[in-house]
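Okay, so here's the structure we're looking at.
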Amino acid sequence: MSLPKVAVVILNWNGIDLLKHFLPYVLKHSSSNGDFSVDVVLADNASNDISVAYTQEHFPSVQIVKNPINNGYAGGYNAALKHIKADVYVLVNSDIEVTENWLQEPVMQMLRNPQIACVQPKICAFSKRHLLEYAGGAGGFIDRLGYPFCRGRIFDTQEEDNKQYNMNTEIFWASGACMFIRSDCFWQAGGFDEDFFAHMEEIDLCWRLKNLGYICMYEPSSVVYHVGGGTLSAINPRKTYLNFRNNLFMLAKNLPSPFFTRTLLLRLVLDGIAAFKFLLQGSFRHFKAVFDAHMSFYANFRKMIAKRKRNDALKKKFKLSAVYRRSIVFDYFVLGRKRFNALRSKDFYA
């Protein structure tokens, strides 16, 4: 009987310097064992640097999948994964440093429990390794208004990793910076939504997986270090645009019907407040980014509603587990609850 197959897939776009530094770690710590076999794959998103040639010359064991165009994170992975046969995909940013035994427990969790669709490792910051990293920390959650946050990172507050989140637990979403996901679940849910291009597509996917009856887990024994900001920095207006627009896309597609109209209208108001805050701070480009995000959302509203109807037709369960009942915005900015452990456990749906 053949071993389950794991594919570690690194999406790359003009990332030659990152590949030189981080790919050796992936190869060193991603060997096949008695539980599963491992292939390492470079999914190249139409790079115009020497990424592919360098990888072929220096790392011949790495499989190469070439995408004909750069269609972002979402489209790039969708296109590449169609050519990769595996039981488990491990989607890894090119700026991730992996560590010893990082594959073992996340993969085994999914092999042991078919209800687990995806797993996120502990993600720490590469440059400040004592900090839980912005992009995923110790697993993602979402509040009742659709604002995402992480254990170890709420808005701009990053916590030190003092092993306070060293327990395996269910989460709402796994970071796309390093995500373990069962291939059958990925395709059953429809893969990433390519209209997102980049940012929050993994949260949208995890939400759809929950609606199909699956769960996402966090596994602290697997640790990786993330550089972050490799494509767009936090201060880039393009990132502001994608975050605001894609969050509205995600809500329109996935909000449970009883909360749909009220939550969406309230979010539009709160986004308007955020936009004018940017303006008062003199950040006109970010103000315009929020405005443009809303214009794109209105232009695509019917399209998102059509996707919502398709999602509803597939929905098997109405699950609120790992959702924060309160507003994380109010608790953070008004009540000063800036760390995950300051949030009350009774305020999370079980």
So if I take the centroid of the Cα atoms in segment 254-287 and the same for segment 117-143, what is the distance between those two points in Å? 25
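Could you compute the net charge surrounding residue 89? Neighbours are other residues with a C-beta less than 13 Å from the C-beta of residue 89; K and R count +1, D and E count -1. Before the final figure, lay out the partial values.
Values: positive: 5, 82, 85, 182; negative: 39, 87, 184, 202.
Spelling it out: positives minus negatives among the neighbours equals 0.
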With +1 on the Cβ of every Lys and Arg and -1 on the Cβ of every Asp and Glu, and nothing else charged, how large is the dipole of the chain about its Cα centre, in debye rounded to the nearest 20? 1560
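Viscosity 1.306 mPa s, temperature 10 °C: give me the Stokes-Einstein translational D for segment 149-220 in µm²/s, with Rh taken as the Kirkwood radius over C-alpha pairs. Kindly include the intermediate steps, with their values, before the conclusion.
Numbers: Rh = 13.4 Å.
Stokes-Einstein gives a translational diffusion coefficient of 118 µm²/s.
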With each label point set 7 Å from Cα along the Cα-Cβ vector, what nm distance links residue 104 and residue 162? 2.8
Could you name the aspartates and glutamates in cross-link range of residue 303, using Cα to Cα under 17 Å and dropping any fewer than eight places away on the same chain? 193, 194, 195, 201, 204, 312
Listed highest first by mean packing, meaning other Cβ atoms within 10 Å per residue, what order do 125-133, 55-63 come in? 125-133, 55-63
Gap separating the Cα centres of segment 316-340 and segment 31-68, nearest whole Å: 39
How big is the shadow of the Cα convex hull of segment 52-123, averaged over all directions, in nm²? 6.3
Under 14 Å Cα-Cα from residue 346, which aspartates and glutamates qualify once same-chain neighbours fewer than 8 residues away are excluded? 143
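Report, in listed order, any pair from 28/85; 5/163; 128/239 with a Cα-Cα distance greater than 25 Å. Please report the intermediate quantities before stating the final value.
Numbers: 28/85 22 Å; 5/163 31 Å; 128/239 23 Å.
Exceeds cut-off: 5/163.
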Run the paramagnetic zone check for residue 194: 7 angstrom along Cα to Cβ, then residues of segment 30-52 with backbone nitrogen under 15 Å. 45-46
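Two-decimal Rg/Rh of segment 237-317 from alpha-carbon positions, Kirkwood Rh? Each step should come with its number before you reach the end.
Details: Rg = 13.9 Å, Rh = 13.3 Å.
When Rh is taken as the Kirkwood radius, the ratio is 1.05.
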How big is the C-alpha Rg of segment 76-227 next to the rule-of-thumb value 2.2 N^0.38 Å, as a ratio? 0.96
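Contact order normalised by length for the chain, with contacts defined as Cα pairs under 8 Å and 6 or more residues apart; what percent is it? Please list the in-between numbers first.
Working: 667 pairs, mean separation 61.5, N = 350.
In percent, rounded to a whole number, it is 18.
Tally Lys and Arg at +1 and Asp and Glu at -1 over the other residues with C-beta under 10 Å from the C-beta of residue 119: what net charge comes out? List each step's numbers first, then the result.
On the way: positive: 182; negative: 105, 219.
Its environment carries a net charge of -1.
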Two-site FRET efficiency, residue 260 against residue 170, from Cβ-Cβ distance with R₀ of 35 Å, rounded to 0.05: 0.90
Find how much the distance from residue 70 to residue 310 grows on full extension, using 0.36 nm per residue of separation minus their present alpha carbon separation; answer in nm with one decimal. 83.7 nm
With each pseudo-label sitting 7 Å past Cα toward Cβ, what's the residue 347-residue 303 distance in nm, one decimal? 3.6
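So if R0 is 30 Å, what FRET efficiency would residue 338 and residue 279 give, r being the distance between their Cβ atoms, rounded to the nearest 0.05?
Details: r = 25 Å, r/R0 = 0.84.
Efficiency, from the Cβ-Cβ distance: 0.75.
Any read-out appearing in this document is the output of simple, stated calculations on the displayed coordinates, not a laboratory observation. Computed from a predicted structure; not experimentally measured. Here Cβ is always computed from backbone atoms with ideal geometry, including for glycine, and neighbour counts include all displayed protein chains.
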